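The values are calculated or read from the model by the stated rules, or taken from the named source; none is laboratory data. Computed from a predicted model, the values in this text were never measured in an experiment. Neighbour counts run over all protein chains shown; Cβ positions are idealised from the backbone, glycine included.
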Amino acid sequence: MKKITSIQNPFAKFLVSLRDKSKVRKEKNQFLIEGKREIFLSIQGGYEIEKILVCFDFFDISDLKKIPENLELIEITKEIFEKLSYRKKFDGLLAVANKKDHKLLNLNIGDNPLVLVVENIEKPGNIGAILRTCDAANIDAVFIADQGVDIYNSNVIRSSVGCIFTNQIGIGKSNEIFDYLQRNSINIFTAVLQDNPTSYHTLDYTGPTAFVLGNETDGLSFFWKNKSVNKIVIPMQGKIDSMNISVSAAILVFEAKRQRGF
């Protein structure tokens, strides 16, 4: 097993840049995964793993048998691992993986899909929480419209607890995603505060359904507001008029799941 002992090693420097810089991830078409659970979920999700990095100061050596034999293992020191890690609690495992192609045409959504569209989300933690919710509900796909954050950001992977690897994800412009939904005869429900929206719990989501939510600051763009005939709202009874987008997504998605008998 190859071993890297210095943070000045060119490959160690590359790993730091891969973790921190979306430009490097885009150029190399690769990203860094931290954590046993996340790495094993990525393998189950069909991601190509290039290298596994192990730090035996934190890694349980008995877990080596769980790593596929065809993967290249590289030992790294405690100093290097701590430089690369975002977490306070380590399990000693990192991986370099290849990105997937998230073109819309690659999606397989079934005959009666339930999908979520999120537009221009700016915070990695929100994307991660949304993906975690969508995995829990086992919906058919998550569409990211007018992408505002790199989904392979380490904070997205961490906050999604690996659910970035368990969801079908399609990325595109808003007009591309709208056209895709139209072609597949999926009913579009946009979450808005204006234009006299209907309370979400009064409508039927048992047919092909897409919920569309806007970003944290401005909500949905005019494009989606103008395209949708089904405008919905979650009734608010406190002093504020909105919730975190991941909470709103959970309420809507699980109402649809309830109507479909879970």
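Could you run through the range 182-214 and say how many residues are modelled with pLDDT under 95 and in a helix (DSSP H, G or I)?
Here the count works out to 0.
Name the helices (runs of 4 or more DSSP H) wholly inside the range 66-176 in which the number of residues that are over 19 Å from L213 (Cα atoms), more than 11 Å from the chain's Cα centre (by Cα) and in the same structural domain as G35 (by TED's automatic domain parsing) is 2 or more.
The qualifying helices (runs of 4 or more DSSP H) are 78-84.
Among the numbered criteria (1) within 23 Å of F262 (Cβ to Cβ); (2) under 22 Å from the mean Cα position of the chain (by Cα); (3) of a type in the set (D, E), which single criterion is violated by D204?
(2)
This table checks each residue for (1) loosely packed, with under 13 Cβ neighbours inside 10 Å; (2) modelled with pLDDT under 95; (3) over 27 Å from N138 (Cβ atoms); (4) in contact with a helix residue (DSSP H, G or I) (Cβ under 7 Å, 6 or more places away or on another chain).
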residue: V54; (1), (2), (3), (4): no, no, yes, no
residue: K65; (1), (2), (3), (4): yes, yes, yes, no
residue: L105; (1), (2), (3), (4): yes, no, no, no
residue: N112; (1), (2), (3), (4): yes, no, no, no
residue: V117; (1), (2), (3), (4): no, no, no, yes
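Would you confirm whether or not the range 143-151 contains a residue that is touching a residue at least 24 places away in the same chain (Cβ under 8 Å), surrounded by fewer than 21 Cβ atoms within 10 Å (Cβ to Cβ), more than 17 Å from K123 (Cα to Cα) and touching an Asp or Glu at 6+ places or on another chain (Cβ under 9 Å)?
Looking for residues that are touching a residue at least 24 places away in the same chain (Cβ under 8 Å), surrounded by fewer than 21 Cβ atoms within 10 Å (Cβ to Cβ), more than 17 Å from K123 (Cα to Cα) and touching an Asp or Glu at 6+ places or on another chain (Cβ under 9 Å), one finds none in the range 143-151, hence no.
Looking at (1) touching a helix residue (DSSP H, G or I) at 6+ places or on another chain (Cβ under 9 Å); (2) at pLDDT 95 or above, which one does M243 not meet, given that it meets all the others?
Every condition holds for M243 apart from (2).
Going through the range 130-142 one residue at a time, which ones are surrounded by fewer than 21 Cβ atoms within 10 Å (Cβ to Cβ) and not charged (D, E, K, R)?
A136, A137, N138
Output the residues belonging to the range 233-251 that are outside any helix (DSSP H, G or I) and of a type in the set (S, T, Y).
Answer for the range 233-251, where residues must be outside any helix (DSSP H, G or I) and of a type in the set (S, T, Y): just S242.
Mind listing whichever residues of the range 215-228 are part of a helix (DSSP H, G or I) and either surrounded by fewer than 19 Cβ atoms within 10 Å (Cβ to Cβ) or among the aliphatic types (A, V, I, L, M) (or both)?
F222, F223, K225, N226, K227
Mind checking which residues of the range 141-160 are of a type in the set (A, V, I, L, M, F, W, C) and at pLDDT 95 or above?
Across the range 141-160, the qualifying residues are A141, V142, F143, I144, A145, I151, V156, I157.
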